[in-house]
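One structure is given here, and the rest of the page talks about it.
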Amino acid sequence: MDKIRLSKNKKTRRVDIFINGKSLINILRKVEISQIEKDNEKERNNKKDSEYKYIKQYLSPETMEKLTKRNNEKTPKSLAGSYTGLPPKRVFLPSKHFLGKQSKRWYYRNNKTCILVCSCGGAGCWPMITKITLTPKKVIWNNFEQAHNSRWKYNLKFNFDRKQYESELSKRNA
């Protein structure tokens, strides 16, 4: 079984997600860098800049400028892992969001749940979504997807003990 830890980040006022002691954002960053490198190789071979244009259309000009300045580059590689957690009221009980019962604003296609948002904080800007499945003994996160780039493949699946998972959701004031 995988272990989840939810921690309120005092600096960002968001909830950081750790799985098996590792930041979920860092786990996703590694996968995304690999995907971007594959995309960039294809672009170099095709002499196109389609991925950059594709991604750019979904980000606000301010976010794109911040991300490209931070990395001194104009490639989508700077977007890898550019997420932040959700607000505590959206994550911790009594919210049912991380139990797969989200409001329309935080709900995406194919019954997937937004678990991270763009580093700018916008819910629809660059969200990470996943399928959350509840069983009597487990909570399963799988079918991860960058909502604006479904071509990237994450091949991640996490199985959490339901009691441990719900215990983390009840840590609102921790």
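Annotation for region 136-150: at least one member residue is within 18 Å of ARG90 (Cβ to Cβ) and assigned to a strand (DSSP E or B).
Taking region 103-129 as the search range and keeping residues that are under 19 Å from ASN143 (Cα atoms) and more than 12 Å from the chain's Cα centre (by Cα), which one is modelled with the highest pLDDT? Applying the filter and picking the extreme gives ASN111.
LYS153 falls short on exactly one of the conditions (1) in contact (Cβ under 8 Å) with a residue 60 or more places away in the chain; (2) assigned to a helix (DSSP H, G or I); (3) charged (D, E, K, R), and that condition is (2).
The set of residues from region 141-157 being surrounded by fewer than 18 Cβ atoms within 10 Å (Cβ to Cβ) and touching a Lys or Arg at 6+ places or on another chain (Cβ under 7 Å) comprises ASN142, ASN143. For region 120-146, the tally of residues that are hydroxyl-bearing (Ser, Thr, Tyr) and in contact with a Phe, Trp or Tyr (Cβ under 6 Å, 6 or more places away or on another chain) stands at 1. Exactly one residue out of THR12, THR68 is modelled with pLDDT under 60 and either assigned to a strand (DSSP E or B) or not charged (D, E, K, R) (or both), and it is THR68.
One residue alone among GLY100, GLY21 is touching a Leu at 6+ places or on another chain (Cβ under 7 Å) and modelled with pLDDT of 70 or more, and that residue is GLY100.
The values are calculated or read from the model by the stated rules, or taken from the named source; none is laboratory data. Note that the structure is predicted; figures quoted are calculated from it, not measured. Methodologically, a virtual Cβ is constructed for each residue, glycine included, from the backbone with ideal geometry; neighbour enumeration extends over all protein chains shown.
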